[in-house]
Amino acid sequence: SAALAKESLPRHIGVILDGHRRFAREVTDGEYRTSYEVGMAKLEELLQWCAELEIKAVTAWVLSTENLRRPPGELEPYFEVLIEMFNRLPQLAQRLEFSLSVSGSLDLLPPNLALAAKNAVDQVALIANPRMDVNIALCYGGRQEVVDACRSLVTDLVAEGVAPEDLAESINAEGLAHNLYASELPDIDLVIRTSGESRLSGFLLWQSAFAEFAFVDPYWPAFRKVDLLRALRDFTRRERRFGA
């Protein structure tokens, strides 16, 4: 990590935490809860590594809206582990000095999980002058985020007195960006997806328009610091082109 020039590192890293179920089948004898526990501990390690590297923002996608279609036997232990993780995050945030936001359709989640996420955000909000911004994408879908941003923008325009016939002309990229879930964060510079899959699956579709991508082989619970450093090294060697 000492060889990486901090000025060339991404400001905002997005991470798709993929591979929990395959890790469970291949490593933990089908014990999903064990795989999820290892994965959420790994997320906390990732935040530690990013803090050490002085990365300014991290978005971690821990649950998609599509994941809710999975069998209860897979989802229920994950919900329990996520609650435990959110209960630990305020203490970690205090130590690493990061802010916390949660992006997604929390109304679709079990009430105790949604409450744990909201409580964590409220507790971390008391931290002054955070050094890093952490955004947890929870029950998140990229298409739904864009739809919600459009609805929110139209609602704002109507409240400002824009006439119905003028709404279409008043909708622009800046307004939509302002109404995204975590609009205060900069656009994504680097997306890392684990488990060897080479697709976005709807992750931060708007914010990743000009992002670089790193698709790495390890399942998320087996992700290592060296995997992060390799992705960052490759990022620093790329010539970024913000356009066609």
* Burial ordering of 197, 165, 145, fewest other beta-carbon atoms within 10 Å first -> 165, 197, 145
* Cβ charges +1 (Lys, Arg) and -1 (Asp, Glu), total dipole of the chain, debye -> 860
* Asked: Which residue, chosen from 153, 134, 120, occupies the Cα position most advanced towards the positive end of the dipole of the chain, where the dipole is computed from +1 (Lys, Arg) and -1 (Asp, Glu) charges on Cβ about the Cα centre?
  -> 134
* Structure fact -> Counting Lys and Arg as +1 and Asp and Glu as -1 over every other residue whose Cβ sits under 11 Å from the Cβ of residue 183, the net charge comes to -4
* Tally Lys and Arg at +1 and Asp and Glu at -1 over the other residues with C-beta under 13 Å from the C-beta of residue 51: what net charge comes out? -> -1
* Give me the distance between the Cα centres of the range 1-56 and the range 196-244, rounded to whole Å. => 12
* Structure fact -> Karplus-derived 3J(HN,Hα) from phi for the range 199-206 (6.51 cos²θ - 1.76 cosθ + 1.60, θ = phi - 60°), whole Hz, x at Gly and Pro, runs 7, 8, 6, x, 6, 6, 4, 6
* Please list the non-local residues whose amide H lies under 5 Å from the amide H of residue 191, H modeled 1.01 Å from N, same-chain partners needing a gap of 5 or more. => 14, 212, 213, 214
* Sequence-distant or interchain residues sharing an amide H contact under 5 Å with residue 101, placed H: which? -> 134, 135, 136
* Structure fact -> Once phi for every residue in the range 117-125 is put through the Karplus expression 6.51 cos²θ - 1.76 cosθ + 1.60 (θ = phi - 60°), the whole-Hz ³J(HN,Hα) values, with Gly and Pro written as x, are 5, 5, 5, 4, 4, 4, 5, 5, 4
* Summing Lys, Arg as +1 and Asp, Glu as -1, what charge do residues with Cβ under 11 Å from the Cβ of residue 216 carry, residue 216 excluded? -> -2
* **Relative contact order of the chain, pairs being alpha-carbon contacts under 8 Å that are 6 or more residues apart, as %** => 27
* Which of these values of Cα extents along the principal axes in Å was calculated from the structure shown: (1) 53, 34, 32; (2) 60, 44, 37; (3) 58, 47, 36? -> (2)
* To do: In whole Hz, with x marking every Gly and Pro, tabulate ³J(HN,Hα) for the range 68-73 from phi via Karplus 6.51 cos²θ - 1.76 cosθ + 1.60, θ = phi - 60°.
  => 5, 7, 6, x, x, x
* Structure fact -> Spelling it out for residue 219: with amide H atoms placed in the peptide plane at 1.01 Å from N, the residues 5 or more places away or on another chain with amide H under 5 Å from its amide H are 195
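Readers should treat all values here as calculations from the given coordinates under stated rules, not as data from a laboratory. Just so you know, these numbers come straight off a predicted model, no measurement behind them. No Cβ is skipped: glycine too gets one built from the backbone with ideal geometry, and neighbour counts run over all protein chains shown.
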